[in-house]
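The next block holds one structure in the form of structure tokens; read it before the comments.
The values are calculated or read from the model by the stated rules, or taken from the named source; none is laboratory data. What you are looking at is a predicted structure, and each value in this text was computed from that prediction instead of being measured. All Cβ positions, glycine included, derive from the backbone under ideal geometry; neighbour counts span all protein chains shown. Quick note on the areas: whole protein, heavy atoms, side chains included, nothing else; ligands and nucleic acids left out. Shrake-Rupley method; radii C 1.70, N 1.55, O 1.52, S 1.80 Å.
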Amino acid sequence: MHVPNRDAPANSLLAALPRKDYRRLIDELEPVALTYSEVLYEPGEKIKYVYFPTNSLVSLLTLVDQHHALEVGLVGREGMVGISLAMEIGVSPVRALVQGTGMAMRMGAALFLKEFNESNVLRRELHRYTYNLMTQITQTAACNRFHVVEARLARWLLMTQDRMRSSQFLLTQEFLAQMLGVRRVGVTRAARTLQENKLISYSRGNITILDRKGLEGVCCSCYAIVRDMHDAA
Ligand SMILES: [Zn+2]
């Protein structure tokens, strides 16, 4: 069983809080296991909990014409899921889908709002994170329009590795097609090219990154833009 370490939060937003604020918050945070393909919210659904991922990964998807889903953002240990609550909007505009199995710390919406209003530091951190997430979302919109699938796949894999701190993860072609906004055949082709160049191995939904440097050479410039923004924050 996962036992939260009261002194060393693995989520960067929580880690940025002064010890006093963090220790008060930890009593209200509950560790939860998030499982691959679990949906935390649907668009328009009331937000019951906010989530601070520690080693899990959550994908934010926009739905188009009821059945097309496109990833517009990724949230891992650098962020929080349910950020619209920090703008006092109680519903989610996106589907939040667990993309990487792992742990998160969660807090009920009412408690979160109370803490958010009382803690200057938490408020400042979440405003900064909201800005970073907005940048990630706008960069992703431009990326989907201008960059080729192979470069986008490489970027997605690097972002996933950074957040999960693992070079191996589960990923079906169907999910990957949603992540990249392309048909499965496009995903298969791009994954095959990366595999032929020995950058990844991919079999039965398991992806392993074999050559991170090589992937950095293939990915588009959007990767470094979003990474450096999070690092600089
Ligand atoms: Zn790009």
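Observations on the model:
- So residue 111, is it open to solvent by 20 Å² or more (accessible area, probe 1.4 Å), farther than 30 Å from residue 207 by Cβ and in a helix (DSSP H, G or I): yes
- Test: residue 226 is open to solvent by less than 60 Å² (accessible area, probe 1.4 Å) and within 14 Å of the ligand (Cβ to nearest atom): yes
- Entry remark, region 33-42: residues being outside any loop (DSSP other than H, G, I, E, B) and either in contact with a Leu (Cβ under 6 Å, 6 or more places away or on another chain) or surrounded by 14 or more Cβ atoms within 10 Å (Cβ to Cβ) (or both) number 4 in total.
- If you filter region 139-152 down to residues that are within 9 Å of the ligand (Cβ to nearest atom) and among the small types (Gly, Ala, Ser), you find that the one that is most open to solvent (accessible area, probe 1.4 Å) is 142.
- The residue that is least open to solvent (accessible area, probe 1.4 Å), among those in region 58-108 that are touching a residue at least 24 places away in the same chain (Cβ under 8 Å), among the acidic types (Asp, Glu) and not in a strand (DSSP E or B), is 78.
Residues checked against (1) at pLDDT 90 or above; (2) within 19 Å of the chain's Cα centre (by Cα):
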site: 127; (1), (2): yes, yes
site: 130; (1), (2): yes, yes
site: 136; (1), (2): yes, yes
site: 157; (1), (2): yes, yes
site: 165; (1), (2): no, yes
site: 178; (1), (2): no, yes
site: 187; (1), (2): no, no
site: 209; (1), (2): yes, yes
site: 232; (1), (2): no, yes
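- Candidates in region 153-206 are the residues that are of a type outside the set (Gly, Ala, Ser), within 16 Å of the ligand (Cβ to nearest atom) and open to solvent by 20 Å² or more (accessible area, probe 1.4 Å); of these, the one that is nearest to residue 224 (Cα to Cα) is 162.
- Residues (under 22 Å from residue 133 (Cβ atoms) and either open to solvent by 60 Å² or more (accessible area, probe 1.4 Å) or not in a strand (DSSP E or B) (or both)) located in region 22-32: 22, 25, 29
- Here residue 51 passes the criteria (1) within 15 Å of the chain's Cα centre (by Cα); (2) open to solvent by less than 10 Å² (accessible area, probe 1.4 Å) except the one numbered (2).
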